[in-house]
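**Q** Can you keep this structure in mind? I'll have questions shortly.
The values are calculated or read from the model by the stated rules, or taken from the named source; none is laboratory data. No experiment lies behind these values; they were computed from the predicted model shown. Here the Cβ is made from the backbone with ideal geometry for all residues, glycine too, and neighbour counts use every protein chain on show. Just so you know, the surface numbers come from the protein's heavy atoms only, side chains and all, with ligands and any DNA or RNA stripped out. Shrake-Rupley method; radii C 1.70, N 1.55, O 1.52, S 1.80 Å.
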Amino acid sequence: MSTASLSRPGVAAVKWSVLATGARMVLQLGAQVLLARTLGPEVFGVFAIGLVVLTFASFVGGFGFSWSLMQRQSLCDEDIRFAWTWQLLTGLMTMLAVFALAPPMAQYFREPRAEWVIQCLSVACLLQCAAAPATYLLQRDLNFRAVGLVQVGSYALGYVAVGLPLALNGAGVAALVAAWLVQAGATLVASYALKPHPVRLLFWYPDARAAMGMGQAVFWTNLVNWSLNNLDRVLIGRLLNAQALGLYNVAYNLATLPNSLLLGALQPAFMAAGARLQSDRQRLARVYLQMVGTLLVLGLPTFTALALLAPTLVQCLYGPAWQAAGPVLAILFWCLPAYVMWGISTPVLWNSGRPHLEYALQLPVLLVGAAAFYALGGQGLAVAAGVAGGLLVLRAVVIVSAAFWALRLRWNAFLPDATRGVCLAALAAGGVWLGLELSTALAQKVHAQAWLALLCGSLLALLAAGLPVLLWPGLLGEATITMLLRFAPQLAPLLHQRPAARELSEPLAQPAKQSQA
C-alpha cells in the first residue's frame, strides 16, 4: 500500500471511492434537505424508528458470510455459492421475523404509525442480504468505480426519482419508505449485473467451517457496532418522542456526511488492500499512521469550523422548524474526528489477525453507554447528543489503542500531527468567530443574515487555517504531505514552495521509519 504504503491499485481504489462518496454526499444532502423541509421532523422520526429496526435486522441477517469473501486471499466458486446461499436464507428468515415482530416493536417506541413502516422495510432485509456477495466481490477487486456508480445511481433512483415526487404529492412517510426500497432493489440488480457470480445453492462444503468462523466474528462485531451506533436512537425514541428522534436523526445524518466521505472512502479500500498485507506489518503500520496523521491535520480544523457554524447551517438548510437540531449537530461535529479514527483503525485489527478484539473491547463501552443513556437520555436532545458524542470518543480511544498495540506502535507516533491539527483548528475557530462578528455588523444592510453568517464564517475559517499552510506547506507534516502528493500529484508545485516541504515529500520515494515498540 504506499509508495511503500499504498500501491497504484489501492490509490486508484481510494480515488474512485472518494469521488463516488463525494457525489453521493452532495446528492444525499440535496435530497435530504428537500425532504426534511417538505415532511418535517415528526415524519422523519417515524421513519427513523423503522430504520433502527432495519439496520439491526440487516446486521443479524448478513451474519458476515459475504464479508469473508473479501478477507480470503484466494476464492473459488464454492466459496461464493456457500456465501450466497446462506445470505439468501438468513435474509429471508430475517425479513419474516421483522414483519411478524413489527407490532411489539412499534409498541416499544410508543408510536403506532411505525408498525406499517417496519413491515414495509422488512423487505429490504432480503434485498440487502442478496446484494451483499456481489458488492463485496467488487470491493475485493478494488473496483470502487463500479461500487460508487451503484451507490450514486441507486440513491438517485430511490430518493430523487421516487422519494421526492411522492413527498411533494403528500405521501408522507410512505415517500421515505418507497425511496429506501427502490434504492435497495436497484443496488441488488446493478451489483449483480456488474459482478455476476454463481447462484446455485450450496449448503455445505469442506471449507465451510472457516467461512462460518469468519461469519461469526463479523456477526458479533456488527451486533456490538449496531448497538453502539443506534443506542442513542433506540432510547431517544423510547424516552422522548418521534419528533425529537426526527430532529436528532437529521442532525446525525448531516454531521456524518463529511464523515462518510472520509470513512466511506478510506475504510473499504484500506480493508481490501490491507488484506493483501496481512504478513507485512511494517507497511500496514506505515499507511495507517499516514491516514491517522492526515485526518488529524485536516480533519480537526474542518470539524471545528463546522461545529461552530452548526446552528447557522441548520437554519440555512432546514428552516425554523428544525432549529432545535442545531446544538445536537454542533456536539456531533466536535466528536466525529474520533469516529473516523475508530473507522480507519478497525481494518488494522482484521488484517492483523485480531478480528475478535473489535467487539470484545467495545462491549464494556456499550454497557457504559446504555447506563449513561438510561440515566441522562430523558433530559433532552442536547444531553442525549452529549452522551452519544462521548461514546464516539471512548470507542475511538479503545480501538485506536488496540490498533497501536497490534502494530507495535507508540502513542507518541501521532502527537506531532495532533499538535498541528489542534493549532490549525484554533486558527479555524478564530476565523469563524471573526466571520460571525463581521456578519452581525453587516446584518442591517443584508436581509439573508443566516446565509451571510455562514458565508463569512466559512470563508474566514478557510483563510485563517489555509493561509499559513500556503505560506509554509511544511506545517502540514510528513504524513499529510505524503498522502496529498500520492493522491493529488498536481499539488506538488504548491507544496514544494519551501525547501522544508520538499524534504517532507521524500517519503514518496523512500518512506521514513515510524517509531515502533
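**Q** Does segment 354-415 come out rounded, prolate or oblate by the C-alpha gyration tensor, with a ≥ b ≥ c the root eigenvalues, rounded set by a/c under 1.5 and, if not, prolate when a/b is larger than b/c and oblate if not?
**A** Working: a/c = 4.62, a/b = 2.00, b/c = 2.31.
Cα axes put segment 354-415 in the oblate bin.
**Q** From the square roots a ≥ b ≥ c of the eigenvalues of the alpha-carbon gyration tensor of segment 91-188, which class results: rounded (a/c under 1.5), prolate (a/b over b/c), or oblate? Can you show the working numbers first?
**A** Numbers: a/c = 3.36, a/b = 1.40, b/c = 2.41.
Here segment 91-188 falls in the oblate category.
**Q** When ligands, DNA and RNA are left out and all protein chains stay put, how many square angstrom of accessible area per residue does segment 23-181 have with a 1.4 Å probe? Before the final figure, lay out each step's value.
**A** Details: 6140 Å² over 159 residues.
Result: 39 Å² per residue.
**Q** Counting only residues 5 or more places away or on other chains, whose amide H sits under 5 Å from the amide H of residue 409 once H atoms are built in the peptide plane?
**A** Counting only residues 5 or more places away or on other chains, the set is 517.
**Q** With a 1.4 Å probe and every protein chain kept in, tell me what percent of the accessible surface of segment 102-253 is carbon plus sulfur.
**A** Using a 1.4 Å probe with all protein chains present, segment 102-253 comes out at 64 percent carbon and sulfur.
**Q** Work out from phi, with θ = phi - 60° and the Karplus expression 6.51 cos²θ - 1.76 cosθ + 1.60, the ³J(HN,Hα) of each residue of segment 329-339, listed in order in whole Hz, and give x for Gly and Pro.
**A** Result, ordered by residue: 4, 4, 4, 5, 4, 4, 9, 5, x, 5, 5 Hz.
**Q** Roughly how many Å² is the accessible area per residue of segment 280-351, as a whole number, for a 1.4 Å probe? Intermediate results must be reported in sequence, preceding the final value.
**A** Values: 1890 Å² over 72 residues.
On a per-residue basis, 26 Å².
**Q** Right, something else. Per-residue accessible area for residue 141 at 1.4 Å probe radius, Å² rounded to 10?
**A** 80 Å²
**Q** If ligands, DNA and RNA are left out, what is the accessible area of residue 113 with a 1.4 Å probe, given in Å² to the nearest 10?
**A** 120 Å²
**Q** Pull out a ≥ b ≥ c, the square roots of the eigenvalues of the alpha-carbon gyration tensor of segment 281-399, then state rounded if a/c is under 1.5, prolate if not and a/b is larger than b/c, and oblate in the remaining case.
**A** oblate
**Q** Let me ask something else about it. Name the residues whose placed amide hydrogens come within less than 5 Å of the amide hydrogen of residue 202, ignoring near sequence neighbours (fewer than 5 apart) on the same chain.
**A** Here the answer is 85, since their amide H atoms fall under 5 Å of that of residue 202.
**Q** For segment 303-456, what % of the accessible area comes from carbon and sulfur atoms, probe 1.4 Å?
**A** 70 percent
**Q** Let me ask you something else. What is the spin-label model distance, in nm, from residue 375 to residue 449 if the labels are put 7 Å beyond Cα along the C-beta direction?
**A** Once both label points are built, they end up 4.0 nm from each other.
**Q** Considering only C-alpha atoms, what is the centroid distance from segment 405-425 to segment 361-379, in Å?
**A** Between the Cα centres of segment 405-425 and segment 361-379 lies a distance of 28 Å.
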